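Every number in this text was worked out from the coordinates using simple rules, so none of it is lab data. These numbers come from a predicted model, not from an experiment. Here Cβ is always computed from backbone atoms with ideal geometry, including for glycine, and neighbour counts include all displayed protein chains.
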Amino acid sequence: MQMKEVRDPVHGFIYLNETEMKIVNTPVFQRLRYIRQLAFTHMVYPGAEHSRFAHSMGVMEFATRMFDTLMMKDMAKKKNWSEAHVKRNRQLLRLAALLHDTGHAPFSHASEDLLHGVKHEEISRRFILSDPIRSLINEFKKELGITAQDVASFFSAKNIEPDIVLLKEIFAGEIDADKLDYLYRDSLFTGVHYGRFDYQRLIQSLCLIEDPGGAGNLVIAIEHGGLHALEAMVLARYFMFTQVYFHKIRRAYDRHLLEFLKTYVGKYPSALNEYMKWDDNVVFSLLRKNVKNDQARRILTRDPFVQAFTTPEHIDEEERTRFSWLQETLRRELRNAKVFCDAAEGSPHKFEKIGTYVLSPSTGTPRLVQNESGIIRSLRKIEQYRVFTPKETKQEVHDFCTQFWKDHAAGAVSAAAVN
Amino acid sequence: MRNDLRVAVIVALVRNAQTRLGKTQVQKLVYFAQDSGIPLNYEYEIYHYGPYSFELSHDLGSLDSLGIVNVASEPSGYGFDISVGRFSEKFKLETKYQKRVDKVLEQFGLNSAAQLEVKATIHFVHSVIKSKIPAVKVKAEVVQKVLALKPRYTEEFVRGCYAGLEEAHWI
């Protein structure tokens, strides 16, 4: 089968076979050229104009490299896969990785709330099961026994096929092709270098082990030599979260966009042929036509709400409760100031602990990465809350929130009670 | 927006569990709590150790960070040890939900991680295929699918777990 090569800034070249190219050339996949990977992040980091199009091919490339590495380390033997079985599963994984984001709404996660209560993965599943993608995938049926239904199973919570459970881990697990590509690609395009890490070392150190719980499941782990590359990836996620994904201005734009779309669109169409018509360009046209709308004006004239108050990046339950109290009080006491609150938990990208196993250098026995790495052990999930307001009311809201936060701190409240 | 019912159920399970809980046990106990009728709306899919919710995993990370539960790696380095945190006290369940949590703990609280893994997997597979094939074939098909997903468990063990679920009217 003839291969087509595509230049890519992360991978150098990405190679696609004839049928994969036909899939890339469908309107369903071409639409991804017009959906920015990071929504309005380009308003903060001008280089962040990259799209879901290149990312999707990048995930396919990373998934393939991960699969091939695991194959070199006896995955086929451990899974009792024949040569034909290996070929089938490799192609199946490539297709799922390539198509995983086809269901994304305009501006990626920023407008996902308009999807009738489903996630974009469900829309991807529907595209896979519909023509033209369905018929193109079925071209693999004769040679490899792959059907569109097999690929769609990756995106169904009801999948019970064992091979797909394992393959899915390669592109949507603890250390997966999706994360590797978006971290590296987002870092490259934003110019935020914190996101880069030695992904080649990390992939090279992947291995398949029997889980140490004794149940005999095969799980993906890391050889000890890859520990520092894994630490670098975890830190890259941490920094990319704080510097890019949860950036205060980017979050304000996301909010303005969502509010605008709720008013002017309500929900995206359910019918795939209608949904297909929605991309970033269509939304931009709509914003321009409605520039008198306050949300549209704020986006188009670069006048977003600004951050007036933030909690620390890591808070406890007392502080979380205090913030809820602040939120209620703010709305009651400062009625003339427009505000909105934002929480890290509401961000589509989340930073949290991972539970991967790392093989001990001396005995080869697997241990949780938390036991092997002081850096990873010490990291906590980010739980940050913020208050945004127009720049005209920033000082007033800032002063109110800061005073409230100080007056109602756990120690301050008990001291006041004693006095 | 945090779902406080979810938090209260997790805290109740961790607080009242008869044995030490790891992440796998919490995942499966919440799975059965949801199946018992508590509207938690977690989406479960089959992962390493049977039904697993990524959202629940995120929630456990948050609750650990906030001090509502503690998630520590156990000394052996193989798993996690989950206990209630210093801010867990304020989370109480309504009686109707507490009764369901109690029932889940009564049924599954003393099960090993392996038993929970297999029982939850049986239950999940059963729910996926029961409407697709004739009733008389369901048990054999479920056992076969579970053995394909969990090849290291013996058929005897899987059938024993299946029988346990049937006796307790869980399937």
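Among A:Asp186, B:Asp81, sorting on how many other beta-carbon atoms sit within 10 Å of each Cβ, with the fewest leading, yields B:Asp81, A:Asp186. What is the helix-to-structure angle for A:248-264, meaning the angle in degrees between its Cα long axis and the longest Cα principal axis of chain A, kept from 0 to 90 and rounded to the nearest 10? Computed tilt is about 90 degrees. Obtain the nm distance between the two label points defined at B:Glu43 and A:Ala271 by a simple spin-label model: each point lies 7 Å from its Cα along the Cα-to-C-beta direction. Simple spin-label model gives 2.5 nm for this pair. Result for chain A in a Gaussian network model with C-alpha springs under 10 Å: among A:Leu334, A:Leu257, A:Leu167, the largest mean-square fluctuation is at A:Leu334.
Among the listed pairs A:Lys119/A:Lys292; A:Lys73/A:Lys168; A:Lys119/A:Lys381; A:Lys179/A:Lys248, those whose Cα-Cα separation exceeds 25 Å are A:Lys119/A:Lys292. Treating cross-link reach as a plain straight distance, find the aspartates and glutamates whose alpha-carbon is under 17 Å from the alpha-carbon of B:Lys137, omitting any fewer than eight places away in the same chain. Output for B:Lys137: B:Glu155, B:Glu166.
Can you give me the Rg/Rh ratio for the protein assembly as shown, using Cα atoms for both radii and the Kirkwood formula for Rh? Display every interim value, and only then the final one.
On the way: Rg = 24.7 Å, Rh = 25.7 Å.
Rounded to two decimals, Rg over Rh is 0.96.
Rounded to the nearest 10 degrees, the inclination of helix A:177-190 to the longest alpha-carbon principal axis of chain A is 50 degrees. Ranked by how many other Cβ atoms sit within 10 Å of their own Cβ, fewest first, the residues A:Thr402, A:Thr102 fall in the order A:Thr402, A:Thr102.
Where Rh is the Kirkwood radius over the Cα pairs of region A:3-250, the temperature 4 °C and the viscosity 1.567 mPa s, what D in µm²/s does Stokes-Einstein return? Provide the component values of the computation, followed by the final result.
Details: Rh = 18.7 Å.
This corresponds to a translational diffusion coefficient of 69 µm²/s.
The angle between the Cα long axis of helix B:95-108 and the longest principal axis of the Cα atoms of chain B comes to about 50 degrees, rounded to the nearest 10. The calculated pair-distance distribution of region A:254-327 uses every alpha carbon pair, bins of 5 angstrom beginning at 0, and gives 3, 13, 18, 15, 11, 11, 12, 10, 6, 0 percent. Quick one: plug the Kirkwood hydrodynamic radius of region A:69-211 (C-alpha pairs) into Stokes-Einstein at 4 °C, 1.567 mPa s, and report D in µm²/s. Estimated via Stokes-Einstein, D reaches 77 µm²/s. Measuring r between the beta carbons of A:Lys141 and A:Asp8 and using R0 = 22 Å, the FRET efficiency lands at 0.15. Between B:Leu29, B:Leu40, B:Leu13, the residue with the greatest mean-square fluctuation in the GNM of chain B (Cα pairs under 10 Å linked by springs) is B:Leu40.
Shown for region B:1-146 is the translational diffusion coefficient from the Stokes-Einstein equation, using the Kirkwood radius over Cα pairs, a temperature of 10 °C and a viscosity of 1.306 mPa s: 100 µm²/s. The residue among A:His228, A:Ser270, A:His120 whose Cα reaches farthest toward the positive pole of the charge dipole of chain A, with charges on the beta-carbon of Lys, Arg, Asp and Glu, is A:Ser270.
Between A:Ser324 and A:Ser378, take the C-beta separation as r, use R0 = 30 Å, and let me know the FRET efficiency to the nearest 0.05. It would help to have the intermediate numbers written out before the result.
Details: r = 28 Å, r/R0 = 0.93.
It comes out at approximately 0.60.
Shown here: region A:55-109, whose C-alpha atoms stretch 43, 17, 14 Å along the first, second and third principal axes, sorted largest to smallest.
Sorting A:Cys401, A:Cys341 by the number of Cβ atoms found within 10 Å of their own Cβ, with the fewest placed first, yields A:Cys341, A:Cys401. A simple spin-label model places the labels of B:Met1 and A:Arg288 3.6 nm from each other, with each point 7 Å out along Cα-to-Cβ. Shielding of peptide B:46-53 by partners, expressed as the average count of other chain Cβ atoms within 10 Å per residue Cβ, is 5. For the options B:Phe80, B:Phe108, B:Phe32, a Gaussian network treatment of chain B with springs between C-alpha atoms closer than 10 Å singles out B:Phe80 as fluctuating the most. Computed over region A:85-127, the range of Cα coordinates on each principal axis works out to 40, 17, 11 Å, biggest value leading.
What ranking do A:67-73, A:160-166 get when scored by the average of other Cβ atoms within 10 Å per residue, highest first?
On the way: A:67-73: 17.0, A:160-166: 19.0.
Highest mean packing first, the order is A:160-166, A:67-73.
Computed on the Cα trace of region B:84-171, the radius of gyration divided by the Kirkwood hydrodynamic radius gives Rg/Rh = 1.09.
Can you count the Lys pairs in region B:1-108 whose Cα atoms are under 21 Å apart, with each pair 8 or more apart or on different chains?
Values: B:Lys23/B:Lys103; B:Lys28/B:Lys92; B:Lys28/B:Lys96; B:Lys28/B:Lys99; B:Lys28/B:Lys103; B:Lys90/B:Lys99; B:Lys92/B:Lys103.
Total qualifying Lys-Lys pairs in region B:1-108 comes to 7.
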